[in-house]
1. Within region 414-437, how many residues turn out to be surrounded by 17 or more Cβ atoms within 10 Å (Cβ to Cβ) and in a helix (DSSP H, G or I)?
2. Pull up region 438-456, narrow it to residues that are of a type outside the set (Gly, Ala, Ser) and at pLDDT 95 or above, then point me to the one that is farthest from Leu395 (Cα to Cα).
3. Which residue is modelled with the lowest pLDDT, if the candidates are limited to region 543-562 and must be open to solvent by less than 30 Å² (accessible area, probe 1.4 Å) and closer than 26 Å to Ile419 by Cα?
4. The conditions are (1) under 31 Å from the mean Cα position of the chain (by Cα); (2) part of a helix (DSSP H, G or I), and Asp322 fails exactly one of them. Which is it?
5. Only residues that are open to solvent by less than 50 Å² (accessible area, probe 1.4 Å), touching a residue at least 60 places away in the same chain (Cβ under 8 Å) and not in a strand (DSSP E or B): list them for region 45-79, please.
6. Hey, among the residues in region 87-117 that are part of a loop (DSSP other than H, G, I, E, B) and in contact with a Ser or Thr (Cβ under 6 Å, 6 or more places away or on another chain), which one's modelled with the lowest pLDDT?
7. Condition first: more than 19 Å from Lys567 (Cβ to Cβ), open to solvent by 40 Å² or more (accessible area, probe 1.4 Å) and at pLDDT 90 or above. Now tell me which residues in region 583-603 satisfy that.
Amino acid sequence: MKSIFWLVYIALIFPALANDPGTAALEFLEKVKSGEVDLSPGTDTALQAHTSQTKLKSIGKRLEQLRKDLAKGSLEVGEIREDADFAAAIVRKTGGFDSSHLQVFPVALIKSGERWLPAPVLASYENAVPAYTVSLRRRLESLESWMMKERVASLEKLLADFSQRTRKQIEKSIRGNDLENDDLEQLTEKFLDACLKGDQGAILGYLGGLSDPLPEDWAARLQATEVVANSDVSRDSPWRLLVSEEVVRVIVHARRGGESGLVSVACLDPAKAGARGTMGKIVLLHFDFSKNAAGQWVMELPRSLLNNDEEELIYDDQLDVDLLDRFTSKLRERSGLLASSSAQEACRAVISGLKGGGLEQVLRSVDFSGAPKDARYAAAEAAEIWWSLNQPGTLRVPVELGFQQEGNLAIAVYQWFSIKQADQFERKTLYFKKTAEGWVWATGPVGKDEKRSRELLSKWMRSHEEQWRIKWREILLKPSQRLDTLDFDNLANDSQVRAIVERWVAALDEVDLMAALACSAWLGEIDAIPMKTLRNLSYELDSSSEAQFSIENIYRSNSWVAASLKKISDDKVSHAFIPVVITPSGPRILPEIDLLADDSRTRNFLNNASFRQLENFAPQEKIDELRVLFELFQKEVSGKPD
């Protein structure tokens, strides 16, 4: 037998070496890690065909646990020992900054022809060898004994080398001389940028990871930053204030004296309800700085971040009120005011920003000219409105109901349409104000000189509310085409079909409800609400923004034309059958006719429901004709490889 030391990452291994024990062990563990290992005899492992079902179940459970152990970190080959057609390989899991994540995996291998196949259970040839002789058993026991001893030795070496490895990992993101800059505000900006990028190496560098010795509470600092490395920051975690793109962060104070300093960051989180204290949406984080023996600045985390405890955040604006008062003025220095030449133009800019822009960009249109506390309220109210349209999982669309101007004030009234509550009237009012710079969005408290104009605008709004409660659905659905019957005499040509389906796909990609409605027709009476159309649109908009689409075919009969649309989303493939009808407004799609090529019981039920949807608007023979066309589509799709 012979021992050979290997230290090479899987990414550097040449295909020509694919038949050596180390590569085979790595490939096996990578497949286990991704959940793709095949236990069929002769495929990914040396598992014997006669293995019992009970044993297979046990092996499956072990592999599932192994998959969890392999999560996070990278794999590298260590020692390998060979004995003729048998081998043992040590694979180490490294990477990351927490030594508790270090692990060593001994893999037993058997040569089958030109291939090395791993045994399915670590450190054991059990169920991988067809028959044993006394001499063979001794040889395999020797290899198994070596694996167990080497596992311990290799882990001890990993732990001994861990500090140096960690330092090298941190230095890939930040160097020691980067921390010697005495501009603490600049250092904090770079720290905030590292948090936003999820760069744990850089974050740990700012927290003393390059110090010798490390800070006394290093274990706590390391554990605190794990939440960032795992991309597992919940809405209730204080780390959200540093890692979320939705939060606006402004440095409101920086002080340095000798070898210590303090930087205060005010954070406006649109997701916070503002229930605690007087300004729950704006939170202060104080970062202490001190110099280590090497002259590098080391940041101290606030207790809320160190303990990942939202309860320790400072919500009360009676503390450090002067710092909170700087939030809007400092923000305005960084992002200047965007005023418009007219109230209507200001409204369009705000709605456009609310629907598709970041919070900080929207805040550029907000009036901060009042007292500092009023300006903070204005920022918080604007953030709350922005969040109502941009909260993940929420699809709301502003539907304009009316606009009125009174002197230097104007009001825009909207229905805040939510697809999940499609029949609910939710009025939202936006006020605009003329200033020396132009028209701006006036959120927050009402000024004394504005009260009379506001009263007149409120009176105008109340006088129209009953009408809006009835008419908002008609306004929402205006881009779509209502049909009380279908035109079977005129069919769209191929170019028309492709054009309307491509417009539809573009609307889904942009998550644009109004554009999707402009491609749509729906069946119903004048005062009806096409709930199925809206529900199907909601689902498509919610699930299609990252999908890939392709038009595969166009199907025709005497009375119908439909497109076959392939959709790939999260590695899932679906095929939709999309009828296109001619309407007074041109070719349109019928979202309520939801037909997919899927033979599951649920999908068959939904497909049949779509055909039943047509019964009040088309003769039965036309529905049967569409069904025949759909069955042809299903047959062709089922014969295609995905």
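The values are calculated or read from the model by the stated rules, or taken from the named source; none is laboratory data. Keep in mind that what you see is a predicted model, and the values were worked out from it rather than measured. Backbone-built Cβ (ideal geometry, glycine too); neighbour counts: all protein chains shown. In case anyone asks, the SASA skips ligands and DNA or RNA and just uses the protein heavy atoms, side chains included. Shrake-Rupley method; radii C 1.70, N 1.55, O 1.52, S 1.80 Å.
1. Of the residues in region 414-437, 1 are surrounded by 17 or more Cβ atoms within 10 Å (Cβ to Cβ) and in a helix (DSSP H, G or I).
2. Trp439
3. Checked region 543-562; the qualifying residue modelled with the lowest pLDDT is Ser544.
4. (1)
5. Thr45, Ala46, Leu47, Gln48, Thr51, Ile59, listed by residue number.
6. Ranking the candidates gives Gly95 first.
7. Within region 583-603, Pro584, Ser585 meet the criteria.
Conditions tested, residue by residue: (1) touching a residue at least 12 places away in the same chain (Cβ under 8 Å); (2) over 22 Å from Thr533 (Cβ atoms).
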{"site": "Gly447", "(1), (2)": "yes, yes"}
{"site": "Ser453", "(1), (2)": "yes, yes"}
{"site": "Glu474", "(1), (2)": "no, no"}
{"site": "Ala492", "(1), (2)": "yes, no"}
{"site": "Val505", "(1), (2)": "yes, no"}
{"site": "Leu513", "(1), (2)": "yes, no"}
